[in-house]
Every structure is written in C-alpha cells, then in structure tokens.
Amino acid sequence: GDREPADLRARIADTFARLATAFDNDARLAAVADIRQIAAERLEATPDGVPPVTLHSNPGPEHTFVDPATGAFTGLIDFGDSYRSHAAFDLRPWADGDDAAAVLDGYQTAGQLPPDFEHVRHTTLLIDALARAARGRTSPQQLAATLDRLTR
C-alpha cells in the first residue's frame, strides 16, 4: 500500500504503465483508447497531499454483515488483505448502480470526503475499465462505450 500521501500518484502511474504495455500488445484496444493520454490527464489532477487510510481489499457481500430485519450494516470481516491508500479505492467493488450510490452516500454522511475524492474515484473506475479490457473481459466496443460514459 501507500506509506506517504505522494505514493498515491506513483501507484496510479505504475498501474497505467502496466496497462499501457498490455494495450501496446493489442491493436484493437490501442485503437479505442490512448492510454498514455488518459494517464497524463488523470495524473495531472491527482492529489499528492491526502494521507492514506486503511482499506479492506474486498469489502464485498461475502465480508459484510447486515441486520436482516433492518437492512443496516453491522460489520465487516477479513482484513487479512487490507492495505493503505486513498479512501476512494474502497469504492472500487461498487463501480456502477445503486450499490455505488449507496456506498458513496454512506461515505458522505460520515463526514467530509478527502480533497479530490471524486477525481480519484473516477480514476479508479477508468483503471478498472481498462484493466477488464486488457484481460479480455470486455470487448473493445464495450470499452469504447464505457470510456465514452466515463470521460463525458
């Protein structure tokens, strides 16, 4: 994870660099996105002064306890793979839909979000979309549609 606030920028830059290598080796993906341009734009506005927080690496349903009578969150287990980074990385499992909105609302009701939270969250969404395509889990056409939605 990140030890210092400035580590966030390095983490994101390293991720984009690995993705750029994958895109360089697949002309179909390279035709859809200029990954180096996306990386430069995202890195330019990435904050470097936000202290890292401890994050659960997979805060999905299998690690979440909810009171069945009220629907209220009651706990989270399995922090064995936790790491430290920007709080926006905690929302990665909920990229779209009602769950994403509910988790973000929960963050906002707990207090003020860190500076540039939305920028980092948006960057994680872009990285996840690019990574799914690089792994063959998304077609170039699906990637183009996702990037269009995320870069509007």
Handout entry: Where THR138 falls short, out of the listed (1) closer than 23 Å to ALA87 by Cβ; (2) free of Cβ contacts under 8 Å to residues at least 12 places away in the same chain
Key = (1)
Completion exercise
Per the filter on segment 115-152, residues more than 11 Å from LEU19 (Cβ to Cβ), in a loop (DSSP other than H, G, I, E, B) and at pLDDT 90 or above are GLY136, ARG137, THR138, SER139
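Within segment 19-40, count every residue that is over 15 Å from the mean Cα position of the chain (by Cα) and surrounded by 14 or more Cβ atoms within 10 Å (Cβ to Cβ).
Step one: of segment 19-40, the residues over 15 Å from the mean Cα position of the chain (by Cα) are 20-37, 40.
From what's left, surrounded by 14 or more Cβ atoms within 10 Å (Cβ to Cβ): 20, 22-23, 26, 29-30, 32-33, 35-36.
Residues meeting the conditions: 10.
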Handout entry: strands (runs of 3 or more DSSP E) lying entirely in segment 12-111 (those with 1 or more residues that are of a type in the set (S, T, N, Q) and closer than 16 Å to THR124 by Cα)
Key = 83-85
Problem - Given (1) modelled with pLDDT under 90; (2) closer than 19 Å to GLU4 by Cα, index of the condition GLY60 fails - result: (2)
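Within 24 Å of ASP7 (Cβ to Cβ), open to solvent by 90 Å² or more (accessible area, probe 1.4 Å) and not small (Gly, Ala, Ser): does that describe ARG92? Outline the logic, then answer.
Working: within 24 Å of ASP7 (Cβ to Cβ): yes; open to solvent by 90 Å² or more (accessible area, probe 1.4 Å): no; not small (Gly, Ala, Ser): yes.
The answer is no for ARG92.
Within segment 98-145, restricting attention to residues that are of a type in the set (Ser, Thr, Tyr) and open to solvent by less than 40 Å² (accessible area, probe 1.4 Å), which residue is nearest to ALA40 (Cα to Cα)? Steps first, answer last, please.
Step one: list which residues in segment 98-145 are of a type in the set (Ser, Thr, Tyr), which gives 107, 109, 123-124, 138-139.
Next, from what is left, pick out any that are open to solvent by less than 40 Å² (accessible area, probe 1.4 Å): 123-124, 138-139.
Values: THR123: 11, THR124: 14, THR138: 23, SER139: 24 Å.
Per the criteria, the residue is THR123.
Just to be sure before I move on: is ASP81 modelled with pLDDT under 90, under 16 Å from PRO59 (Cβ atoms) and surrounded by fewer than 16 Cβ atoms within 10 Å (Cβ to Cβ) in the structure I sent? Show your work before the answer.
On the way: modelled with pLDDT under 90: yes; under 16 Å from PRO59 (Cβ atoms): yes; surrounded by fewer than 16 Cβ atoms within 10 Å (Cβ to Cβ): yes.
For ASP81, the condition - modelled with pLDDT under 90, under 16 Å from PRO59 (Cβ atoms) and surrounded by fewer than 16 Cβ atoms within 10 Å (Cβ to Cβ) - is met.
The values are calculated or read from the model by the stated rules, or taken from the named source; none is laboratory data. Predicted model, so just to flag it, every value in this text is computed and none were measured. Note: ideal-geometry Cβ built from the backbone for every residue, glycine included; neighbour counts use all protein chains shown. With ligands, DNA and RNA removed, areas are computed over all heavy atoms of the protein, side chains included. Shrake-Rupley method; radii C 1.70, N 1.55, O 1.52, S 1.80 Å.
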